[in-house]
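Worksheet: the structure to be examined is printed underneath.
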Amino acid sequence: MSAMDDMDPEIAALLNETESNLPSAGAGGDDAGDDEGYTFGVEGSGRYKDDDSESETEKNPLAVDLSVSKFKPIEKFWEEEPNPVFDDPKYYKTCFTGEDESAPRLHQLLSKYLTSQDRNDRSAYRQQIIPAYWNFLRSMAPKMANARTPLCKHLAMRYGMVLPSLFAPDQKDFFSRAVLDNTTGEPVLYMDEWIKEIALGHLTPSLTDELPTKKKAGPAADQQRIQQLKSKNDGKMQSAENLLTSREAERARLELQVQDKVKMLTEHNPVIGLDNHTQPYSDTQRRLFAEINTLFHSLQKVDKELAGYLRELQDAKEVNYSLESKASEFSEDTVSIGLEEILGEMTTVRQMAKMTCGRQGNQFPILSKEFFHCLGKETGFRENVIRELEEIESIDPGCFQRIHRNVPNRIVPYVLLVPTYGDSGFCWEPFERLNRITSRGRIVIPMYPRNLKIACLTAVADLRWQVAKEKASFDWMSEGLTGQYYQYIEGKKLRGDVKQFFIEDYILWMTKECNGTQKLDKEVRAIFWRYIPFPQERKDELKKRSMVYQELYQRDINRSMSDGY
């Protein structure tokens, strides 16, 4: 009996088609395909959509809002009704329609891989499919910004889902109920959304170690330059507004104290026997003169700072109006940057995908029941990842914070979800080069790991390390979190990647030590207790469990009393 006889009849019939029946390279253009009802947009749920327009009031999930202090509760983890797209018999054909020569190449390799009975041949075909599939994605990438691109092309890039028959019926139902649109307001993006935002110029291409090429003239280059200037100015504007808000709050607090003390100062008891006269100031009231005077000095200082931040904000607003005016000249309905930048980002994303798997990991890029074994909550859908990040932040409140002028700014990084069977997330950029104040960093998380919590923890740990290292700059081996940890590694004479040691210890800190299970060395526990502190409520609970935590708790008190914390 042949492998074709053991195969699903739909797959066998499909793979029996010759290359002549497969859409030829470039045929049909962006609008090719018979599933015209399936379009993918921002509104709705990615189901049969007649209107390609985008709501102007839709909140941009990429914008940084410093007033947000935590993740919003997830309103919907799953769709009640399954999406019928996976039942479309033309799903596979539509995916390949309109693509370049990479489509028939991938089709040939996939056919040989699925029909081959020889183990060595299957292994060879599987390795050949990896670069062929990524070339296929490169062909589709520029189409992600087109609202008429069929949904199946988005899902092929988002989930690695080229042929629905490659996974079991229950898995098909599982993926058909995934929420397609970003209704969370968080910068957690699937690969197709990531490339779309890159193509539209809303998201700058990821930095690489390659030497920058000579900038080309033209509208795309002008828009990219304006976007960079706007990103840099946005950092100044958001920082000034945040500092202005904090100073206004401080002023209001001081003014309330002045009002209370003045009210106390104006309260006089009557003189006994002389009811129409009142007592002079008491000793307590006389002491209020000095206290009110100190408050006035504090108010004067706060007012001076407030005026400075107000001028900074006004200047930044004027620059923003000018840049917004220039940016409005470019259409948002067309690809806003050059094809070279889009393809360059795809090359970078492929490197990101490799890093989630590691050298020894499974880098097969297509979703298949042969390799997909995740449970519902362990699959890296957007909502599940946000749930994990929310839990991490509840234990490590400073994981997404950056300090500027002694004011902590909570800035959730961009999160790219790549459809790989990798187990490790990581940080690609701690923040943008032109806006170190309020720009988002970039972390990457695999969608099909063995343990989604660990994948998210490794990404956050890497982010924490890189932010601390950039903050310490040239003194990273001696100052702050990285300096203290580096000195510990050197003292132990450990050999290897210091950051990898840190990530492993961070995972123990967040999964074991947070619950009172002592797994770290004493020195590491002391470093983390100070530089990666738990919430105060958790500290209060831990000090009751062991003398080890009680001693660390007492060190906090001693540092605060000596003003050295």
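Taking the stated definitions as given, is V302 under 30 Å from A145 (Cα atoms) and not aromatic (F, W, Y)? In short, no. Residues in region 243-301 that are within 30 Å of I403 (Cα to Cα) and touching a strand residue (DSSP E or B) at 6+ places or on another chain (Cβ under 9 Å): L243, S246.
Considering only region 519-538, how many residues are out of contact with any helix residue (DSSP H, G or I) (no Cβ under 6 Å at 6 or more places or on another chain), within 22 Å of L481 (Cα to Cα) and not hydrophobic (A, V, I, L, M, F, W, C)? Total satisfying the criteria: 8.
Being assigned to a helix (DSSP H, G or I) and surrounded by 21 or more Cβ atoms within 10 Å (Cβ to Cβ) is a condition met by at least one residue of region 389-408. Of all residues in region 426-447, those being part of a loop (DSSP other than H, G, I, E, B), open to solvent by 10 Å² or more (accessible area, probe 1.4 Å) and not basic (K, R) number 4. Condition first: open to solvent by 70 Å² or more (accessible area, probe 1.4 Å) and in a loop (DSSP other than H, G, I, E, B). Now tell me which residues in region 78-93 satisfy that. Once the filter is applied, which keeps residues that are open to solvent by 70 Å² or more (accessible area, probe 1.4 Å) and in a loop (DSSP other than H, G, I, E, B), region 78-93 yields E80, E81, P89, K90. Every condition in (1) part of a helix (DSSP H, G or I); (2) within 24 Å of C456 (Cβ to Cβ) is met by L189 except one, and the failing one is (1). For region 295-309, the tally of residues that are free of Cβ contacts under 8 Å to residues at least 24 places away in the same chain and open to solvent by 80 Å² or more (accessible area, probe 1.4 Å) stands at 4.
Is at least one residue of region 239-254 modelled with pLDDT under 85 and under 30 Å from I342 (Cα atoms)? For region 239-254, residues modelled with pLDDT under 85 and under 30 Å from I342 (Cα atoms): absent. Among the residues that make up region 447-458, is at least one of them over 18 Å from C374 (Cα atoms), in contact with a Gly (Cβ under 8 Å, 6 or more places away or on another chain) and among the aliphatic types (A, V, I, L, M)? No, the conditions are met nowhere in region 447-458. Checking the stated criteria, F381 turns out to be crowded, with 17+ Cβ neighbours inside 10 Å, modelled with pLDDT of 85 or more and touching a strand residue (DSSP E or B) at 6+ places or on another chain (Cβ under 8 Å). Counting just the residues of region 173-196 that are of a type in the set (D, E, K, R) and over 14 Å from the mean Cα position of the chain (by Cα), which one comes out modelled with the highest pLDDT? It comes out as D192. Counting only helices (runs of 4 or more DSSP H) that sit completely within region 450-529, those holding 3 or more residues that are without any contact (Cβ under 8 Å) to a residue 60 or more places away in the chain and over 30 Å from R382 (Cα atoms) correspond to 480-492. Of the residues making up region 535-550, those that are open to solvent by 90 Å² or more (accessible area, probe 1.4 Å) and among the charged types (D, E, K, R) are E537, K544, R545.
Scanning region 278-293 for residues that are outside any loop (DSSP other than H, G, I, E, B) and surrounded by fewer than 11 Cβ atoms within 10 Å (Cβ to Cβ) yields D283, T284, A290, N293. When S123 is tested against (1) open to solvent by 10 Å² or more (accessible area, probe 1.4 Å); (2) touching a residue at least 60 places away in the same chain (Cβ under 8 Å); (3) assigned to a helix (DSSP H, G or I); (4) not basic (K, R), exactly one condition is not met: (2). The residue that is surrounded by the most Cβ atoms within 10 Å (Cβ to Cβ), counting only those in region 158-189 that are over 18 Å from E388 (Cβ atoms) and acidic (D, E), is D181.
The values are calculated or read from the model by the stated rules, or taken from the named source; none is laboratory data. Please read all numbers here as calculations on a predicted model, not as lab measurements. Glycine also receives a Cβ, built like all others from the backbone with ideal geometry; neighbour counts cover every protein chain displayed. For accessibility, only protein heavy atoms count, side chains too; no ligands or nucleic acids. Shrake-Rupley method; radii C 1.70, N 1.55, O 1.52, S 1.80 Å.
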